[in-house]
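In what follows, a single structure is set out as structure tokens and then discussed.
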Amino acid sequence: MSVVSPLRQPMPPDENMSGSTVGPTSEADFETLRNLLLGEEWVDLNVLRKRLRDPELHAHDLSLVLAKAIVRASQRDTKLRSALLPVVEDAIRISVQRDPKVLANLIYPAIGGALLKSVASLLEEKLEALNMVVEQSFTLRGLQWRVEAWRTGKTVGEIAMLRSLLFRVEHVLLIDPRTGLLLARRSAPGAKIQDPDMMSGMLTAIRDFVADSFGEPQNQDLQTVQVGEFRLWIEHGPLAMLVGVVRGPAPVELRKVFRQALQEIHAQFGTALAEYRGGDVSSFVAAESTLERCLMGTAPATATPPKYRLWLALAGLGLAFLFGYWGFREGQHRRSMEIAQQLNQEPGIVVTQMERRDGKLQISGFRDPLASDPSAILRARGLPENSFQLSLREFESGEPSLIARRQRAAHREWLANLSILFEENSTAISPLAVTQLEEVAKRLKTIFKDRPPAQPVIVYGSANGTGATNRSLAEARAVAIVNLLADLGVPRQWFQVSFRLSEPSGDNPTQRRLARRVYFKLEEEP
Amino acid sequence: MTYAKVCLIGAPGVGKTSLVKRFVDQIFDERYLTTVGVKVDKKTLRVEARDLTLMIWDLAGEDDSESIPLKYVRGAAAYILVADGCRPQTFEKAEQMRQRIDHEIGPLPFVGAVNKSDLAESWDQPAVRRYLPQWGALCTSAKTGAGVEKLFQEIARRALSALP
Ligand SMILES: Nc1nc2c(ncn2[C@@H]2O[C@H](COP(=O)(O)OP(=O)(O)OP(=O)(O)O)[C@@H](O)[C@H]2O)c(=O)[nH]1
Ligand SMILES: [Mg+2]
């Protein structure tokens, strides 16, 4: 099919060029023409030209698009970055040369966060481990926590801490480390504190004292002090320290909460903190809401209130450091004191006070539960058994060797409390169990990093009921676990497989579930 | 509430702890128990129509000015420099400590105290006559309480004016 279109006649050329005879004859005409042709645009063009030539206006215009331009440029390639790098490096260098503290304090909140992510991934793990425990214990409370976690956007671990009945953070104090003055504080409902001002001063003094005795103040900062039934958890920042007064056994994760609060306070009150030299503390009132969030746990108060005043106990801690002056110069006695003084060189032992009483050298101070036995040391150095009396309070030392040991102890405890559950009549390892075992492998490798276990780790398999079938089922479960751990790189010879059988445990589903498990038994660390 | 940290500095046995005890608890003890490290006490007093809480750091006396732990002095708004009127060397030691603080921490306000004024008949006259005006010091006795209240009022006043 074809469509016939009307024919187009080409225009005669001279008609088409009819305007070409009107040419510009002078500048004025030209201007008129431009105005006619471009109209308002010509005015705009002139304004634009002026803007480009005037540095002030040009800078102003550039400033409007600069941010966008930088974003674009850095998206396109790395040229901008390379160009800026030396400039930025130089600026930082100059700032650090002028006063390193300025930059350090500026980036503390950020660095703190980064450190928290990397260094304290250990803590994260523990939080996760706590999650796991909650997930496994399908109690009503566990369920409530999960609902609350979902509602508030917190992790189950955090909620578990907040609601824990095991411990309670009774007071949180924010202290200026230079003056030892109390800047702000918050207490749990009903919790009493006798004299927080005094406590702040004394804690700062103890901190200085401990730092003094150990040299290196940064790494050896005092972290915990045991005072009667309370434990003081101390977090140090460059401009402030945060002290939590905690009753009952609190999880290590609590430290993370404190650390975060302290970082927020640094971010919010950095300048006020840096400038504080004493005087009015009312500008720190606003920090109280951050402190409030540290008041975790709900452990009920003990029926009998503590007889001593908290700060008095602190004073007894060795802050008074009173030596009996009399007799202290006698030669023999002096020698004993020197020997006792050497205890300070032991990791995890701090002697704060020595006194001659009832013919004996009374030595008081602190001792980390993981430190060597001080009385054995004194005897080995020639002090007769009955010539001294030790009264050392427990504290958590920051000594690296003891920190490692404490971590190993925590891993052991975690392992000892772990159950890996199986389905009825099955030896199949569930996905949850695989995650658990990856954690087990990691922790075992940490515990036995330096030397393999002297006694093998016993892997107990269990089954619900007695008899040969159940026995081989139990054993097969333990073997399956060891196989998987071996796949994860844990030497097989570290383990010994065993089994535990129990009477069939009726209809209670939880009990039945728990009877189908594998668990570990480790020898105490020598 | 306004707070200030103040320190007591001086040679051993000049009566630093006794002065604090007299001021805070209104008691005096003849026994000498030397302080090790530092002991912190507090008392609120009224200065220039304001309540000021003094956090009082009583430092261990040192025989050698080099060994006073400046760490404890940092953060103080002012300090009390104590000498024992009966022992001339305690003045010299105190003066050395004052100079060391000036040098390492910067000029901090201080109030001098020539202590044990109840034993004024056995005071060392040349030392007292030299340092009393030089420091603008006060005469005190922790035993009788003479001059103690005034000493702490004065240190509170200095501390307050040193605060921002
Ligand atoms: N007579 C008299 N004795 C005093 C006075 N003040 C202190 N003493 C006595 O001097 C001795 C030392 O007093 P402290 O207050 O312990 O001295 P200190 O300066 O704290 O000594 P260190 O802690 O060792 O530095 C004690 O025996 C006091 O009783 C005073 O005003 N008059
Ligand atoms: Mg003293």
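The values are calculated or read from the model by the stated rules, or taken from the named source; none is laboratory data. Since the model is a prediction, treat every value here as computed from it, not as a measurement. Cβ coordinates were reconstructed from backbone atoms using ideal geometry, including for glycine residues, and neighbour counts include every protein chain displayed.
Here B:Gly15 meets the list (1) within 12 Å of ligand 1 (Cβ to nearest atom); (2) on the phi < 0 side of the Ramachandran plot almost entirely, failing just condition (2). Could we say that B:Ala142 is modelled with pLDDT of 95 or more and among the aliphatic types (A, V, I, L, M) here? Yes, satisfied. Got at least one residue in segment B:96-110 being touching a residue at least 24 places away in the same chain (Cβ under 8 Å), closer than 21 Å to B:Arg46 by Cα and among the β-branched types (Val, Ile, Thr)? No, segment B:96-110 has no match at all.
What about B:Asp58, is it within 20 Å of B:Ala162 (Cβ to Cβ) and away from ligand 2 (no atom under 14 Å from the Cβ)? Judged against the criteria, B:Asp58 is not a match. Among the residues of segment B:121-144, those identified as within 20 Å of B:Ser18 (Cβ to Cβ) and exposed (fewer than 15 other Cβ atoms within 10 Å of the Cβ) are B:Glu121, B:Ser122, B:Thr144. If you go through segment A:222-241 one residue at a time, do you hit one that is at pLDDT below 85 and among the charged types (D, E, K, R)? Scanning segment A:222-241 turns up at least one residue that is at pLDDT below 85 and among the charged types (D, E, K, R). The residues of segment A:179-209 that are among the charged types (D, E, K, R), touching a residue at least 12 places away in the same chain (Cβ under 8 Å) and within 11 Å of another protein chain (Cβ to nearest Cβ), listed by number, are A:Asp195, A:Asp197, A:Arg207. Only one of the listed residues (B:Ile68, B:Ile80) is within 13 Å of ligand 1 (Cβ to nearest atom), more than 23 Å from B:Lys150 (Cβ to Cβ) and of a type in the set (A, V, I, L, M). That residue is B:Ile68.
Can B:Val38 be described as of a type in the set (A, V, I, L, M) and within 16 Å of ligand 2 (Cβ to nearest atom)? The answer is yes for B:Val38. Scanning segment A:355-371 for residues that are touching a helix residue (DSSP H, G or I) at 6+ places or on another chain (Cβ under 9 Å) and either aliphatic (A, V, I, L, M) or assigned to a strand (DSSP E or B) (or both) gives A:Arg356, A:Lys360, A:Leu361, A:Ile363, A:Ser364, A:Gly365, A:Phe366, A:Arg367, A:Leu370, A:Ala371. Could you please find all residues in segment B:69-95 being closer than 23 Å to B:Tyr32 by Cα, more than 12 Å from chain A (Cβ to nearest Cβ) and without any contact (Cβ under 8 Å) to a residue 60 or more places away in the chain? Those that are closer than 23 Å to B:Tyr32 by Cα, more than 12 Å from chain A (Cβ to nearest Cβ) and without any contact (Cβ under 8 Å) to a residue 60 or more places away in the chain: B:Gly85, B:Cys86, B:Pro88, B:Phe91, B:Glu92.
Listed here are the residues, each with its yes/no results for (1) over 13 Å from the mean Cα position of the chain (by Cα); (2) within 16 Å of ligand 2 (Cβ to nearest atom).
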| position | (1), (2) |
| --- | --- |
| B:Met1 | yes, no |
| B:Ala4 | yes, no |
| B:Gly13 | no, yes |
| B:Ala76 | no, no |
| B:Ile80 | no, yes |
| B:Arg87 | yes, yes |
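Screening A:Arg367 on (1) under 29 Å from A:Arg408 (Cβ atoms); (2) out of contact with any Asp or Glu (no Cβ under 8 Å at 6 or more places or on another chain); (3) free of Cβ contacts under 8 Å to residues at least 60 places away in the same chain shows it passes everything except condition (2).
Only residues that are more than 10 Å from ligand 1 (Cβ to nearest atom), among the polar types (S, T, N, Q) and within 11 Å of chain A (Cβ to nearest Cβ): list them for segment B:24-59, please. Listed by number, the residues that qualify are B:Thr44, B:Thr53. You will find that of B:Leu59, B:Leu70, B:Leu33, the residue that is farther than 23 Å from A:Tyr276 by Cβ and at pLDDT below 95 is B:Leu33 and no other.
Considering segment B:1-18 alone, what residues qualify as being out of contact with any helix residue (DSSP H, G or I) (no Cβ under 6 Å at 6 or more places or on another chain), in contact (Cβ under 8 Å) with a residue 60 or more places away in the chain and either facing chain A (nearest Cβ under 7 Å) or of a type outside the set (Ser, Thr, Tyr) (or both)? Passing the criteria: B:Thr2, B:Lys5, B:Gly13, B:Gly15, B:Lys16.
Within segment B:133-156, the set of residues being more than 14 Å from every other protein chain (Cβ to nearest Cβ) and away from ligand 1 (no atom under 16 Å from the Cβ) comprises B:Pro133, B:Gln134, B:Trp135, B:Gly136, B:Gln153, B:Glu154.
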